[in-house]
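Here's the structure, in structure tokens; my notes come after.
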Amino acid sequence: MLGDPTCWTRECKYYLGIIQPDGTEATEVNNCEAFPNGIPNEIAYGDNKHLKVLPNQKNDIVYEKK
């Protein structure tokens, strides 16, 4: 089971919750509109507050408080 990511505790309006791609807890990832296949750990649990678009990001969504 995943801990609360900083994007959830900071109340990002784009955070969608946890998904289980194969239906099991073993594959859980934090999900948001910016990273539909899983939020990178540097954002979810690290110091990156996602105020700028990452180079490998496929859209221009960044943190925005609800």
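The lone criterion from (1) surrounded by fewer than 11 Cβ atoms within 10 Å (Cβ to Cβ); (2) not in a helix (DSSP H, G or I) left unmet by His50 is number (1). In region 9-37, the qualifying residues are those that are exposed (fewer than 11 other Cβ atoms within 10 Å of the Cβ) and assigned to a loop (DSSP other than H, G, I, E, B), and the one that is modelled with the lowest pLDDT is Asn37.
The values are calculated or read from the model by the stated rules, or taken from the named source; none is laboratory data. Treat the numbers as computed from the prediction; the structure is a model and nothing was measured. Every residue, glycine as well, gets a Cβ built from its backbone with ideal geometry; the counts of neighbours run over all protein chains shown.
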